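K.L.:
Here it is, the structure in full.
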Amino acid sequence: MRLVALAVALVLVAAHGTAAAYPEFQFSTGTARCSACHYSPVGGGLINDYGRDEAATTISGAGDGRFLHGAVEPPAWFALGGDIRVATLGKRVREGTEAAVFPMQVDLYARLARGGLSANATVGVLEAIREPAPLSERIGSREHYVLYEAEAKTWYARAGRFYPTFGLRLPDHTAYVRRFTGLHSLEESYAISGGLVRDRWEVHATLVTPLEVHPRVGRHGWGAAVQLERLTGEETGSWAIQAKTQQNDGALETWFGGTWKRWLESSDLLFAVEANAGITRIDGIPLIGRAVAYGTVHYRPGKRWGIALGAHYFDADLRLVDNDRVAAETRFAWFPRAHFEISALVRGSTVARELGRGDLLGMLQLHYYL
């Protein structure tokens, strides 16, 4: 049971949702916006025809990136895709070492479109590594929405279940800036959002509702989020300011901060940083101040592979001494051919900078997308 709980808490359905993308491909592939490769206006999820071509010719450098390797050609109004991941996990804690091999993700994506209007859904196996349950309880849709996007892609509106646009769109849901800000695994909420996109900037606003549906995980109260992002240089970087607030069982949690990204083509390095300050208001007690941050440098020398170093920081209550969490990690990804990825992660973390209160995590993933 302890092993199952560990695996669920760390890695259930990683790399998912509209907030999930590979930020190292922004700028380094010559594309300034994630929406160039994804149907979603904020990136993540099902990739479009251009994204499939990039996956074959720019990212992996070999193979056919089309759906099912080109064996089936869906009509223009219908798009399909999917992600399958198998992972092996090892973690060393004070009590010893634990390990597991399990299916991390089995998701299918579908999009029906006519003109600028589209219906988008993700259906997959949820809670795949928990104790056995009827299949009807393990199949669900963590993301589904109706989207209208202007033909010139200058504005959009959507309604349904998805993550609000906030922060770096990281594939790792255990990253502190996702895990502790309401963007953890299966925390998608029903919401209404809209955005404006111009040559050098874009703004996204989301109204979050308390509507709930299986699986109910995390925060599902009234809330809102806004993010303004501006491209810098010759579209080789960006900065953003952002804010997010949401009610949660009698508490009101608010985060505000920003992101910064910069691609240095001469050295094949991408730098990305996110930092947020948080305030939690609970009736009858003083305000609780919080802080969370993430930084990474990613080395991507051309096609097929990349390696990164990253650091995480979180303090759940700034009033307390020795309450912070710090983690450092290294990540490696290899794309031998279109549709295939092998990635590895090693992360060490501490509590109050005491190694004895931390842990060491290692994970290997095999990923195939349809």
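K.L.:
Just the residues that are farther than 15 Å from Val177 by Cβ, of a type in the set (S, T, N, Q) and at pLDDT 95 or above, please, taken from segment 239-252.
P.N.:
Thr245
K.L.:
Let me ask something else. Tell me, yes or no, whether segment 342-358 has at least one residue that is in a strand (DSSP E or B), more than 23 Å from the chain's Cα centre (by Cα), buried (at least 16 other Cβ atoms within 10 Å of the Cβ) and of a type outside the set (Val, Ile, Thr).
P.N.:
Yes, segment 342-358 has at least one match.
K.L.:
Could you say whether any residue in segment 63-86 is over 25 Å from Gly124 (Cα atoms), more than 24 Å from the chain's Cα centre (by Cα) and modelled with pLDDT under 90?
P.N.:
Just the residues of segment 63-86 that are over 25 Å from Gly124 (Cα atoms), to begin with: 63.
Applying the additional criterion that residues be more than 24 Å from the chain's Cα centre (by Cα) yields 63.
Subset that is modelled with pLDDT under 90: none.
No, every residue in segment 63-86 fails to be over 25 Å from Gly124 (Cα atoms), more than 24 Å from the chain's Cα centre (by Cα) and modelled with pLDDT under 90.
K.L.:
Another question, if that's okay. Of the numbered conditions (1) closer than 24 Å to Gly90 by Cβ; (2) free of Cβ contacts under 8 Å to residues at least 40 places away in the same chain, Ala291 fails exactly one; give the number of that condition.
P.N.:
Exception for Ala291: condition (1).
K.L.:
Cβ contacts < 7 Å: first residue touching a residue at least 12 places away in the same chain (Cβ under 8 Å), restricted to segment 168-194; second residue among the charged types (D, E, K, R) and buried (at least 23 other Cβ atoms within 10 Å of the Cβ), any location; separation 6+ or different chain. Result?
P.N.:
Qualifying pairs under 7 Å: Leu168/Glu274; Leu170/Arg178; Val177/Glu274; Thr181/Lys244; His184/Arg178; Leu186/Arg142; Glu188/Arg142; Glu188/Glu143.
K.L.:
Separate question: Among the listed residues Gly51, Gly90, which satisfies the condition of being crowded, with 17+ Cβ neighbours inside 10 Å and at pLDDT 80 or above? Quick ask: steps written out before the conclusion?
P.N.:
Values: Gly90 fails: crowded, with 17+ Cβ neighbours inside 10 Å.
The unique qualifying residue is Gly51.
K.L.:
Can you find a residue that is in contact with a Gly (Cβ under 6 Å, 6 or more places away or on another chain), charged (D, E, K, R), touching a residue at least 12 places away in the same chain (Cβ under 8 Å) and farther than 29 Å from Trp255 by Cβ anywhere in segment 329-338? First the steps, then the outcome.
P.N.:
First, the residues of segment 329-338 that are in contact with a Gly (Cβ under 6 Å, 6 or more places away or on another chain): 329, 333, 337-338.
Then drop every residue that is not charged (D, E, K, R), which leaves 329, 337.
Applying the additional criterion that residues be touching a residue at least 12 places away in the same chain (Cβ under 8 Å) yields 329, 337.
Of the ones still in play, those that are also farther than 29 Å from Trp255 by Cβ are 337.
Looking through segment 329-338, at least one residue is in contact with a Gly (Cβ under 6 Å, 6 or more places away or on another chain), charged (D, E, K, R), touching a residue at least 12 places away in the same chain (Cβ under 8 Å) and farther than 29 Å from Trp255 by Cβ.
K.L.:
Is at least one residue of segment 225-243 touching a residue at least 24 places away in the same chain (Cβ under 8 Å) and of a type in the set (Phe, Trp, Tyr)?
P.N.:
No, that holds for no residue.
K.L.:
Something else about it: Of all residues in segment 299-320, which are basic (Lys, Arg) and within 26 Å of His339 (Cβ to Cβ)?
P.N.:
Correct list: Arg300, Lys303, Arg304.
K.L.:
Return the residues of segment 23-62 that are touching a residue at least 40 places away in the same chain (Cβ under 8 Å) and farther than 20 Å from Phe340 by Cβ; say none if nothing qualifies.
P.N.:
Of everything in segment 23-62, those that are touching a residue at least 40 places away in the same chain (Cβ under 8 Å) and farther than 20 Å from Phe340 by Cβ turn out to be Pro23, Gln26, Phe27, Ala32, Arg33, Cys34, Ser35, Tyr39, Ser40, Pro41, Val42, Gly43.
K.L.:
Which is over 27 Å from His144 (Cα atoms), touching a helix residue (DSSP H, G or I) at 6+ places or on another chain (Cβ under 7 Å) and in a strand (DSSP E or B), of Leu231, Leu270?
P.N.:
Numbers: Leu231 fails: touching a helix residue (DSSP H, G or I) at 6+ places or on another chain (Cβ under 7 Å).
Of Leu231, Leu270, the one residue that is over 27 Å from His144 (Cα atoms), touching a helix residue (DSSP H, G or I) at 6+ places or on another chain (Cβ under 7 Å) and in a strand (DSSP E or B) is Leu270.
The values are calculated or read from the model by the stated rules, or taken from the named source; none is laboratory data. Since this is a predicted model, take the numbers as computed values, not measurements. Here Cβ is always computed from backbone atoms with ideal geometry, including for glycine, and neighbour counts include all displayed protein chains.
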